[in-house]
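Values in this text are rule-based calculations from the coordinates and carry no lab data. Just so you know, these numbers come straight off a predicted model, no measurement behind them. All Cβ positions, even for glycine, are placed from backbone atoms using ideal geometry, and neighbour counts span all protein chains on display.
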């Protein structure tokens, strides 16, 4: 006997992974240069040189010390470095004791949700949302409640949010810059969110937390920035990953930050640590803790990502597609001309363009394109995109 909900998760392939695997197989048939894979957010910009330099330096350390266990929440060097970096950014005092290291943002989010999953707990997901959030939520036994998307500005539909809040609401999950839309929540949006959650929390008699999933925090364009959310709404927990900023998604390193101003911060931090322990996740890789400790000042080279988002947005818009202009991250959403995102993905796939329908992101009718690809691939893909536009009868410029 096995647990059915986990069995279903195990046999149900991720659409993103399925397309990625299809692309690798198709490349053997038609040639890699003729497959235009926009399916997966795998950074195409290499890690900064300093990362390799730090790794080489660390490998000269005593191997017992380097590869041995660290404290469950992370080694002192790493927690101190992250706290100092966040303090500079927040213009506030973050202590090392506020930081808990994890194997990336996914276990950070999962531990936070487990920590808050009291009986009948509900978590609000603002669509479009990262497609794995429902799986994280399901593992806790809590209920996911989806706030429908604002398909014009891709901010938050506050009327829909507010009517879904009740005494079981434990947290609202935000992801900005957003995967899949690439849109950034405005500061005005975050302030209104904070005002509503403060008022509703007082009405229901307990705080409503914000879980801010921020792996794309430094990937912003056009002079825009994503603010430090606890300065706007104190009951915010930050979940972070170095996968995107340092272009090393396979190394799985990130953290949870529970600021002191967060309601019941000590109890919440302890519950997150306990949840991480219960799900068998303690002591993130010690080598990579020490790497990020010495690389906290590094920021990504945005030139290629910026070039790609502008190129793809400009060219597809010219062809007659309606595109959501990204302000951050490295994704762009395109509306299916007939509203059928699954059909759009299939029609694109027939032309060897691989794109992910956003139904699994809570935003049907759109498809996600990952723009962290090579600029040359985008140029090679444009004739196929023109054929795709023609198949819908779109009249571009």
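Spatially, the range 90-124 and the range 296-331 are offset by 30 Å when compared through their Cα centroids. A simple packing score, the average count of other Cβ atoms within 10 Å per residue, orders the peptides 283-293, 192-202 as 283-293, 192-202, with the highest score first.
Full extension of the chain between residue 296 and residue 138 yields a length gain of 53.6 nm, computed as 0.36 nm times the residue separation minus the alpha carbon distance. When Rg and the Kirkwood radius Rh are both evaluated on Cα atoms of the range 173-286, their ratio Rg/Rh stands at 0.99.
Arrange the peptides 356-364, 338-346, 387-395 so that the one whose residues have, on average, the most other Cβ atoms within 10 Å appears first. If you can, show how the numbers build up before the last one.
On the way: 356-364: 23.0, 338-346: 16.4, 387-395: 14.3.
Highest mean packing first, the order is 356-364, 338-346, 387-395.
For the chain, the share of DSSP beta bridges that are antiparallel, to the nearest 5, is 45%.
Could you give the distance between the Cα centres of the range 227-258 and the range 260-282, to the whole Å? Result: 15 Å between the Cα centres.
Can you pull a Stokes-Einstein diffusion coefficient for the range 324-368 at 25 °C (0.890 mPa s), Rh from Kirkwood over Cα pairs, as a whole number of µm²/s? For these conditions, the coefficient is 233 µm²/s. With 0.36 nm allotted per residue and the present C-alpha distance subtracted, the residue 49-residue 380 stretch has 116.3 nm of extension available. Between residue 342 and residue 188, residue separation times 0.36 nm minus the direct Cα-Cα distance comes to 52.1 nm.
Viscosity 1.306 mPa s, temperature 10 °C: give me the Stokes-Einstein translational D for the range 49-130 in µm²/s, with Rh taken as the Kirkwood radius over C-alpha pairs. Kindly include the intermediate steps, with their values, before the conclusion.
Working: Rh = 15.8 Å.
So the translational diffusion coefficient is about 100 µm²/s.
Where both bridge residues fall in the range 176-315, DSSP classifies roughly 50% of the beta bridges as antiparallel. The mean of 1/r over all distinct Cα pairs in the range 128-205, once inverted, gives the Kirkwood hydrodynamic radius of 13.5 Å. Note on the range 49-293: Kirkwood radius taken over Cα pairs, Stokes-Einstein applied at 37 °C and 0.692 mPa s, translational D equal to 178 µm² s⁻¹. Relative to the longest principal axis of the Cα atoms of the chain, helix 375-391 runs at roughly 60 degrees.
Distance from a point 7 Å along Cα→Cβ of residue 88 to each backbone N in the range 277-302: keep the residues under 12 Å and list them by number. From the range 277-302, the list is 294-299. Placing dummy labels 7 Å off each Cα toward the beta-carbon, the span from residue 1 to residue 77 is 4.9 nm.
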